[in-house]
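Worksheet: one structure, shown below.
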Amino acid sequence: MASWGTLGPALLSLAGVALGAGGSLFGQYLVSRASTRQLEVQESAAHRAQLKDAVLKFVSIALQVEKAALTRSDGGGSAVAPALGQLLDGLWLAQAEIDLAARSEPLRGATYRYAFRLAEAARGEITDASALRGPQVQFMDAVYGDMWPGLRRAEGQPSTPQ
C-alpha cells in the first residue's frame, strides 16, 4: 500500500488539473455566452435599423397618399388621379418592404390593413380622415412591438401626432 506521503501529492496534482480544466471549460462557456448575447444585440440593432428605414419610407408615402386622397376635389368621379396612382404603387411597394423586414405577423397585418384603408381613401371610398386613425395607430403599435419585442409603449404617449 502506498502511503499518504507519496499518494497525496499525486492526488493533489490530479485535483489541480481537474480544477484547471473545469475552470477553463467554465470560462469558455462564459465567453461563448457573452459572444452569443453580443451577436443577438447586434442582429437586433440591424433589424431595427432596417425596419426603421422601411417604416419611415412607408409612413412618408402614406402621408402623401392621405393628403392627396383627402384634399383632392373630386368631380363626382371615383377614378384615381395618375399622380395618386403612382403614390399608391409606391405605398404597396413600401408595404411589401415592411412585409419582408418584419419579424412579426401583427406588423405585417397592420401594415396591410393601413395600406388597404389608404387605398380605399384614394379611390374615394373614405372621405373622413378619422377612419384612417385606427389602422394608423394599430400600425404604429405593431411597429413598436416588432422593433422592441416584449416592451410596452408608455401609457399617456400619443400614438399619432396631434
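The values are calculated or read from the model by the stated rules, or taken from the named source; none is laboratory data. The model shown is predicted, which means the values in this text are computed figures rather than measured ones. Please note that ligands, DNA and RNA were not included when accessible areas were found on the heavy atoms of the full protein model with its side chains. Shrake-Rupley method; radii C 1.70, N 1.55, O 1.52, S 1.80 Å.
Run lengths n ≥ 4 of DSSP H only: what is the helix-derived mean residue ellipticity at 222 nm for the chain, with -39500 (n - 2.57) per run over all residues, to the nearest 500?
-27500 deg cm²/dmol
Can you give the angle from 0 to 90° between the axis of helix 82-101 and the longest principal axis of the chain, with both taken from C-alpha atoms, to the nearest 10?
Long axis of 82-101 versus the principal axis of the chain: about 20 degrees.
Using a 1.4 Å probe on the protein chains only, how many percent of the accessible area of the stretch 11-103 belongs to carbon and sulfur?
Carbon and sulfur together cover 62 percent of it.
Which whole-number value in Å² is the accessible area per residue of the chain, probe 1.4 Å?
65 Å²
Given (i) 22, 20, 14; (ii) 63, 14, 10; (iii) 25, 21, 15, which label gives semi-axes √(5λ) of the Cα gyration tensor in Å as computed from the coordinates?
Computed from these coordinates, semi-axes √(5λ) of the Cα gyration tensor in Å corresponds to label (ii).
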